């Protein structure tokens, strides 16, 4: 299932080590991401304004989603499409601001969704999907499309053998924090899911519903929980 595509270009080892000092945050699909429980809208707005000030000072800006009761923050170094020391430093500052305001982080609540399309010839169909979705080719992955606005989930092309029209060509990749993968898989199985493959767990586990529609529960390589 998850082979190539968004599994490429994860943080270099020094950055992986630095990220372990950030318990408030999870690494999901090249991004550093978390949720802060603000309790109400006004506290969230104050938090966002303070984060904006340090982001402006650092000339490094995260994506921020302000909702009633919580704020979701996602960041990446857009110039290299990867996590860098800039992200580590800004995340540390954001966590300090949250602590000063008495706001707790809840990184277990964040997740990312990707779409994967099985194809034996991505070059043949990629232009169509790029046009119809208004996406761009990812600069680090020729077999992946991304939404420049960051709203739509990425679409990447899963290499497969030529075949006729199957019952399913798309599958979902659900990215969760590393310490949540086992619980998410267990919940899906308890809800009637079928385990297709755990050969690559915890990096990814392949599940299906009772009609055979598949999904991968994924975590970032190098960020799996220790045994």
What per residue convex hull volume, in Å³, comes out for the stretch 9-109 when only alpha-carbon positions are used?
84 Å³
Given the options 21, 203, 141, state which has the largest fluctuation in a GNM of the chain using a 10 Å cut-off (strictly under) for Cα springs.
21
Under the helix-only model (-39500 (n - 2.57) for each DSSP H run of 4 or more, divided by the residues of the chain), the mean residue ellipticity at 222 nm, to 500 deg cm²/dmol, is -8500 deg cm²/dmol
Report, to one decimal in Å, the Kirkwood hydrodynamic radius for the stretch 112-218 based on all distinct Cα pairs.
15.0 Å
Find the centroid of the Cα atoms in the stretch 190-211 and in the stretch 98-150, then give the distance between the two in whole Å.
22 Å
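None of the figures in this text is laboratory data; all of them are computed from the coordinates on show. Predicted, not measured: the structure shown is a model, and the values here were computed from it.
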